[in-house]
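Visitor: Just dropping this structure here.
Bear in mind these aren't lab numbers, they're just calculated from the coordinates by the rules spelled out. None of the values given here were measured: they were computed from a predicted structure. Glycine also receives a Cβ, built like all others from the backbone with ideal geometry; neighbour counts cover every protein chain displayed.
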Amino acid sequence: MTHYVLTNNKMSPRVEYAYNAWKNQRRRCSGKTSDPTYHGLSVEYTSRELVDWFLERTTDNDYKYIVGRIDHNKGYSLDNIRLETRRESSIEMIDRLNKRKPLIICDKKTHEELMIAKDSLEAAYLTGINQSAVVLSLKRYEKKTPFRNRGSGYYFKYLKEN
């Protein structure tokens, strides 16, 4: 068992990182958040238990990992958490909440539908355009905002599901 202090002005950066993760988990599960995915879930360990768990699995200045749940239908318990990168966490959340939508890549001049991409990230890769530009084009198309003639020769629209 490592000795450390859980007082805001005396915590080491690594202890503070883990302690803040615990505080955020408690806040999300308290019902004070508008995110319904956390309603009815609980944090089943103390701050010290999470800090110990985190310190055993990380090294000094190792802030690339966050604490994520293995099974998102269950709350936070020591047997249901793991270390994951922010990228892994984001990809998992998008998949879990089904936010990946297939879209059509269209030629801006001819309006011909060129190909289908599974999501904006793949569309960006296929066209060589920044993903944020793909998302902006999708928003412009949905709002029926006229396209500017500058930029790439593509525009994007969501594939309609039957």
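Visitor: Can you give the angle from 0 to 90° between the axis of helix 47-57 and the longest principal axis of the chain, with both taken from C-alpha atoms, to the nearest 10?
Guide: 70 degrees
Visitor: Now, a different point. Binning every alpha carbon pair distance of the chain at 5 Å from zero, what are the percents per bin?
Guide: Here the calculated profile for the chain is 1, 8, 14, 15, 12, 9, 10, 9, 9, 7, 4, 2, 0, 0.
Visitor: By how many nm would the segment from Leu114 to Glu44 grow when fully extended, if each residue of separation counts as 0.36 nm and the alpha-carbon distance is taken off? Each step should come with its number before you reach the end.
Guide: Details: separation 70, 0.36 × 70 = 25.20 nm, distance 5.09 nm.
Extending this stretch completely gives an extra 20.1 nm.
Visitor: Can you tell me the orientation of helix 86-96 relative to the chain, as the angle in degrees between its alpha-carbon axis and the longest Cα principal axis, to the nearest 10?
Guide: 60 degrees
Visitor: Thr85 to Lys157: FRET efficiency via 1/(1 + (r/R0)^6), r the Cβ-Cβ distance, R0 41 Å, to the nearest 0.05?
Guide: On the way: r = 32 Å, r/R0 = 0.77.
Approximately 0.85, to the nearest 0.05.
Visitor: In the structure shown, do any of Lys10/Lys32; Lys108/Lys160; Lys23/Lys157; Lys32/Lys143; Lys74/Lys101; Lys64/Lys101 have a Cα-Cα gap over 31 Å, and if so which?
Guide: Values: Lys10/Lys32 28 Å; Lys108/Lys160 19 Å; Lys23/Lys157 40 Å; Lys32/Lys143 33 Å; Lys74/Lys101 26 Å; Lys64/Lys101 28 Å.
Distance filter (> 31 Å) returns Lys23/Lys157; Lys32/Lys143.
Visitor: Need the full-extension length gain, Tyr63 to Lys144, defined as separation in residues times 0.36 nm minus the C-alpha distance. One decimal, nm.
Guide: Working: separation 81, 0.36 × 81 = 29.16 nm, distance 4.24 nm.
Taking 0.36 nm per residue and subtracting the Cα distance, the gain is 24.9 nm.
Visitor: Now for a separate question. Can you pull a Stokes-Einstein diffusion coefficient for segment 8-96 at 25 °C (0.890 mPa s), Rh from Kirkwood over Cα pairs, as a whole number of µm²/s?
Guide: 180 µm²/s
Visitor: Tell me the mean residue ellipticity at 222 nm calculated for the chain from its helices only (DSSP H runs of n ≥ 4, each -39500 (n - 2.57), averaged over every residue, nearest 500). Please list the in-between numbers first.
Guide: Working: 5 runs with 59 residues, N = 162.
Result for the chain, helices only: -11500 deg cm²/dmol.
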